[in-house]
Amino acid sequence: MCIWRMRMRMTEAPFVFASVGFSHTPHTLPSFTDALSASFRVSFMNNQKQQKPTLTGQRFKTRKRDEKERFDPTQFQESIVQGLNQTGTDLEAVAKFLDASGAKLDYRRYAETLFDILVAGGMLAPGGTLSDDMTRTEFCLFTAQEDLETMQAYAQVFHKLIRRYKYLEKGFEEEIKKLLLFLKGFTESERNKLAMLTGILLANGSISASILSSLFNENLVKEGVSAAFAVKLFKSWISEKDINSVSSSLRKVGMDNRLMELFPANKRSCEHFSKYFNEAGLKEISDFARNQQSIGARKELQKELQEQMARGDPIKEIIAYTRDEMKKAGLSEQAMIGIIWSSVMSSVEWNKKEELVTEQAIKHLKQYSPLLKAFTSQGLSELSLLLKIQEYCYDNIHFMKAFQKIVVLLYKADVLSEEVILKWYSEAHLAKGKSVFLEQMKKFVEWLKNAEEESESEEEEAD
């Protein structure tokens, strides 16, 4: 039965084999190997007809805006120089030209080139010299008249430009810093004009006082260029604003304590600084620097006193050290007692509980009362100390109820006299915590007055 079925299937095979390219008769059957070989041959021929893949990828057209432009300030410089040559010395026209050109020219990309041209007339090479192979203009800051009025007009040009194109602010500050480093490459007249312009720009807020850090360059300082430049700069700055505005701007950027660096290390003293700026007619800057020097010395002194107290150094040694430092720094006794009070109160970690902090304060102050007494030989010094105590107790809420006990302790230790306490009570107290502290002191003050009256009556009876 199986053999018969196989024969029946083999008789159907001609139709299958015919489809793959064999010619045969129903009685002649091809082998299985021949059929498989024919099948592979047909498959290969079909594949040959298919399109072969190519190695080249699809090409996309690059947008023009995505192409990176080569940095080439030549054309930009020619456009600016041409415009400045046309406007000439008319600074109003210059400001209008710069305002309009910002819409056509790439100020963001070529900011440094723009500022170089406006200041020096062309692109500056390292060191401050003009590039020989570049177009220049004779209408710039360095070729302008050397007077304050002209520099004010130029400052307005820069101010308007930066206000119109805000993104130029940072680049302009960097430009000024660079120009200050190039000072040796400029003539004395060019330096003077730049100094006046910088002072005016600092006054109107176009630039930050942080640009002054460039003046601390060692080479500029060594040759005296920095100090001479600073004199012109501060004169124009103060002519626009007062010394309070100048000092505030310096403090904001931490320049208030660095002015001494305008001089070489061997001349970096308060005396030399004061003499130099006083002779230049800048007493305001001299006094400001002296005051800053004093503040710095006070901070260092307070820090050292706190360390001595923390170590438990003998009171006599602390008194001797404080007297020496007070003399060196030229501090008054009133100023010194304030420093000592702050040092004494900062040398211990106070209890946070109000009922315990008073006892702790009395014990601590009793230990250091000889130190306080050594620097309260004058009535003004005593009053300064009493006001410091009032201020401290008000600012530190846990000490509010301790005020009267502290005053009584210092009275008994001969640090505060009854005259000073009565004066404080009647007229010399601060507004801080006034009602609370006067109420605390009421009974003690009455006792002092009665004691004073009894003493006076006893003296009268003795007479």
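What is the stretch 91-221 by shape, rounded, prolate or oblate, if you read a ≥ b ≥ c off the alpha carbon gyration tensor as root eigenvalues and call it rounded for a/c under 1.5, prolate for a/b larger than b/c, and oblate otherwise?
Judged from the Cα gyration tensor, the stretch 91-221 comes out rounded (a/c under 1.5).
So, R0 is 30 Å and r is the distance between the beta-carbons of Lys316 and Gln378; what FRET efficiency does that work out to, to 0.05?
The computed FRET efficiency comes out at 0.90.
Anything over 23 Å Cα to Cα? Flag those among Lys353/Lys401; Lys299/Lys366; Lys401/Lys442, in the order listed. Intermediate values should be presented prior to the final figure.
On the way: Lys353/Lys401 12 Å; Lys299/Lys366 25 Å; Lys401/Lys442 14 Å.
Check vs 23 Å cut-off fails for Lys299/Lys366.
Need the C-alpha centroid separation for the stretch 402-453 versus the stretch 224-301, integer Å.
So the two Cα centres are separated by 42 Å.
Can you tell me which of 231-239, 159-167 comes out highest on packing, and rank the rest after it, using the mean Cβ neighbours within 10 Å?
Peptide ranking by packing, descending: 231-239, 159-167.
Mean separation of Cα pairs under 8 Å and 6+ residues apart, divided by the residue count of the stretch 71-179: what relative contact order is that in percent?
Computed over the stretch 71-179, the figure is 31 percent.
Within straight cross-link reach of Lys235, meaning Cα distance under 26 Å, which lysines are found once same-chain residues fewer than 8 apart are removed?
Qualifying lysines at Cα under 26 Å: Lys160, Lys170, Lys177, Lys178, Lys184, Lys193, Lys222, Lys252, Lys267, Lys275, Lys283.
Once ligands and nucleic acids are excluded and a 1.4 Å probe is used, how much of Glu240 is accessible, expressed in Å² to the nearest 10?
80
Could you sort the peptides 305-313, 370-378, 116-124 by per-residue average Cβ neighbour count (10 Å cutoff), highest mean leading?
116-124, 370-378, 305-313
Of the accessible area of the stretch 113-210, with the probe set at 1.4 angstrom, what percent is carbon plus sulfur?
49
What whole-number value in Å² describes the accessible area per residue of the stretch 78-158 for a 1.4 Å probe?
Solvent-accessible surface per residue comes out at 49 Å².
At what distance in nm do the modelled label points of Glu300 and Glu188 sit from each other, each positioned 7 Å from its Cα along Cα→Cβ?
With each label point 7 Å from Cα toward Cβ, the separation is 3.6 nm.
If I take every Cα pair under 8 Å that is 6 or more residues apart in the stretch 252-355, average their sequence separation and divide by the length, what percent do I get for the relative contact order?
Over the stretch 252-355, the number comes to 24 percent.
Could you tell me the accessible area of Glu354 in Å² (1.4 Å probe, neighbours in place), rounded to the nearest ten?
Taking all protein chains as shown, Glu354 has close to 60 Å².
With a 1.4 Å probe and all protein chains left in place, how much of the accessible area of the stretch 328-456 comes from carbon and sulfur atoms, in whole percent?
After summing per-atom areas, the C and S share lands at 50 percent.
The values are calculated or read from the model by the stated rules, or taken from the named source; none is laboratory data. Not measured: the values here are computed from a predicted model. Reconstructed Cβ throughout: ideal geometry from the backbone, glycine too, with neighbour counts over all protein chains shown. Calculation scope for accessible area: heavy atoms of the full protein, side chains included, ligands and nucleic acids excluded. Shrake-Rupley method; radii C 1.70, N 1.55, O 1.52, S 1.80 Å.
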